Amino acid sequence: MSGLSVIGLQWGDEAKGKLVDLFAADHDIVVRYQGGANAGHTVVVGDKVYKLHHLPSGIVHSHATAIVGPGVVTNPQTILGELESLASQGVSYEGRLWLSDRSHVVMPWHVVEDQLVDRLSGKEDQIGTTMRGIGPCYRDKVGRSHAIRLGDLLRGNFPQRVAEIVKLKNQILRAMDPESSWQPLDAAEITQRYLGYAETLRPMIRETTQWLLDALEAGQRVLFEGAQGALLDIDHGTFPFVTSSNSSGVGVCGGSGVPPRWIDKVVGVVKAYSTRVGGGPMATELDNEIGQRIRERGREYGTTTGRPRRCGYLDLVALRYTARLSGVSSLAVMMLDVLSGFEELKVATAYRIGDTVLDTFPSHADDLKQVTPVYETLPGWPEEITAARTWDDLPVNAQAYVRRIADAVGKPVEWVSVGPDRQQTIHCS
Ligand code: GDP
Ligand code: IMO
Ligand code: MG
């Protein structure tokens, strides 16, 4: 086995961090390849809790090399903060963390733009971003002429680049918000600050694409850690209520520089119910007592922004779509313990729009907004299951719920998670 990728199949927060931590034990290298500090991945080991936004969760394992790949939008300040926090938790990363010199840098103007665009949008159109400057940074990457890559911070003309871009950005921001609720950008201050970050990060900044290909050719095992989830994919998700990268399985190759032939397994991560943070349609949302109960039992508050997550029943129409899109080999069903105590559970098996019944996922957010889910009702289970360690420890109704997911997707469920800790994991096959 060379490459294993872990992909969230919903709207993020499927507990990818927990799974990546488990798999990292058997891998030499762990790679983040898209997104940036909008992610929030949690790893729980005994009484230690690690919250990672930018660096691969696998960094917690001292044997693993961690890579922040070319497709990530990198925030040097966040990385330094995270390294400090890891060091305070006893994780040393010396000589085993590489940041791609090709990754694009989130600059202060990107964060200001993120805030302004969201504030100036009508309520209906608000994406509700994490305000980490992700979209504006990717916009400048695709636009090319005003982009800064991590390697640029180490080059002599960096101050000049910043001066040119700041001049233009101040004009754009002023045009967007003539009321000037933002402070004009100061090129000299930004340059000095970023040169300071660059000096500390210099030993970690390097070419990673060919390095990774060399490692694969030498037989090293590589784990690809997806951020966000497939329904937030810029091309295939619920556009425009998505993130700005390919967060489904199709993004692994572009973001890391590793071609498909090296990826021999894809684990699709499924939360046993649905959650979403921010705006956009969510067919199975429960804006009621049941949704509130799921939120409280699952502690569904954002790891990055602390926002309450919208909660709802599992959507098998969406899941079938994202599992195919991501090319999953098997599934991991997470947070099954959260569903204990419900008398019955519903899962959406189709959508209805007017007289039409759909079993495919609409490509337009307005159509998704119109659908009414067609539900199948499954019996719940009263028992708490956080102590279950084998398939046979699960109540029969919990087993039936998991089997229903496997049937709908047509792929085996290989893992079931019944709590945040590494130990609270069932390997099914
Ligand atoms: P990620 O973004 O996909 O890595 O997921 P998050 O870390 O944002 O959110 C998942 C949350 O659920 C974290 O607080 C985890 O510690 C926690 N968690 C992981 N697996 C389980 C589980 O099986 N049951 C419960 N109750 N919590 C879990
Ligand atoms: P992890 O990796 C859940 C959501 C935001 C917003 C939309 C766009 O922890 O699963 P952005 O800041 O990316 O431009 O915001 O995407 N979003 C996430 N939701 N989990 C995440 O990451 C997310 N990253 C972004 O809430 O709706
Ligand atoms: Mg998260």
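Between the alpha-carbon centres of segment 58-103 and segment 171-228 there is a gap of 12 Å.
Counting 0.36 nm for each residue step from residue 423 to residue 186 and taking away their Cα separation leaves a gain of 80.4 nm. In this rough spin-label picture, where each label sits 7 Å from Cα along the Cβ direction, the residue 96-residue 171 distance is 4.9 nm. Net length available on complete extension from residue 403 to residue 200 is 68.1 nm, with 0.36 nm assigned per residue and the Cα-Cα distance removed. The GluC sites (Glu not before Pro) of segment 314-389 that DSSP puts in a loop, and whose beta carbon has at most 10 other beta carbons within 10 Å, are 343.
Remark: spin-label model distance residue 157-residue 299 equals 5.0 nm, labels positioned 7 Å along the Cα→Cβ axis.
How big is the charge dipole of segment 137-240 about its Cα centre, in debye rounded to the nearest 20, if each Lys and Arg gets +1 on its Cβ and each Asp and Glu gets -1 on its Cβ?
Magnitude of the dipole: close to 280 debye.
Identify which of 232, 150, 201 has the largest mean-square fluctuation in a Gaussian network model of the chain, with springs joining Cα atoms closer than 10 Å. Between 232, 150, 201, it is 201 that shows the largest mean-square fluctuation. What is the spin-label model distance, in nm, from residue 26 to residue 356 if the labels are put 7 Å beyond Cα along the C-beta direction? Label-label distance for residue 26 and residue 356, simple model: 4.4 nm. Accessible area per residue for the chain, computed on protein heavy atoms with a 1.4 Å probe, is 41 Å².
Computed with a 1.4 Å probe on the full set of protein chains, the accessible area for residue 186 sits at about 80 Å².
In this structure residue 427 has an accessible area near 100 Å², from a 1.4 Å probe over the protein heavy atoms. Which of rounded, prolate, oblate describes segment 253-400, given a ≥ b ≥ c as roots of the alpha-carbon gyration tensor eigenvalues and a/c under 1.5 marking rounded, otherwise prolate only if a/b is larger than b/c? Cα axes put segment 253-400 in the rounded bin. Taking a ≥ b ≥ c as the square roots of the Cα gyration tensor eigenvalues, with a/c under 1.5 meaning rounded and otherwise prolate when a/b beats b/c, else oblate, which class fits segment 1-106? Here segment 1-106 falls in the rounded category. Given axes a ≥ b ≥ c from the Cα gyration tensor, I'd like to know whether segment 63-173 is rounded (a/c under 1.5), prolate (a/b larger than b/c) or oblate. It is oblate, given that a/c is not under 1.5 and a/b is not larger than b/c. The accessible surface of segment 18-152, taken with every protein chain in place and a 1.4 Å probe, is 49 percent carbon and sulfur. Stretching residue 145 away from residue 289 to a fully extended chain increases their span by 46.8 nm, per 0.36 nm per residue minus the current alpha-carbon distance. Each DSSP beta bridge with both residues in the chain is either parallel or antiparallel, and the antiparallel ones are about 40%. Annotation: residue 372 carries an accessible surface of approximately 80 Å², with a 1.4 Å probe and no ligand, DNA or RNA atoms counted. For the residue pairs 369/411; 346/369; 123/265, alpha carbon separations beyond 31 Å are given by 123/265. For segment 191-246, the set of GluC sites (Glu not before Pro) satisfying both a DSSP loop assignment and a count of at most 14 other C-beta atoms within 10 Å is given as 207. For segment 159-308, the fraction of 1.4 Å probe accessible surface lying on carbon and sulfur atoms is 51 percent.
The values are calculated or read from the model by the stated rules, or taken from the named source; none is laboratory data. Bear in mind that the values here come from a model prediction, so they are computed numbers and not experimental data. All Cβ positions, glycine included, derive from the backbone under ideal geometry; neighbour counts span all protein chains shown. Surface areas here come from the heavy atoms of the whole protein model, side chains and all, with no ligands, DNA or RNA. Shrake-Rupley method; radii C 1.70, N 1.55, O 1.52, S 1.80 Å.
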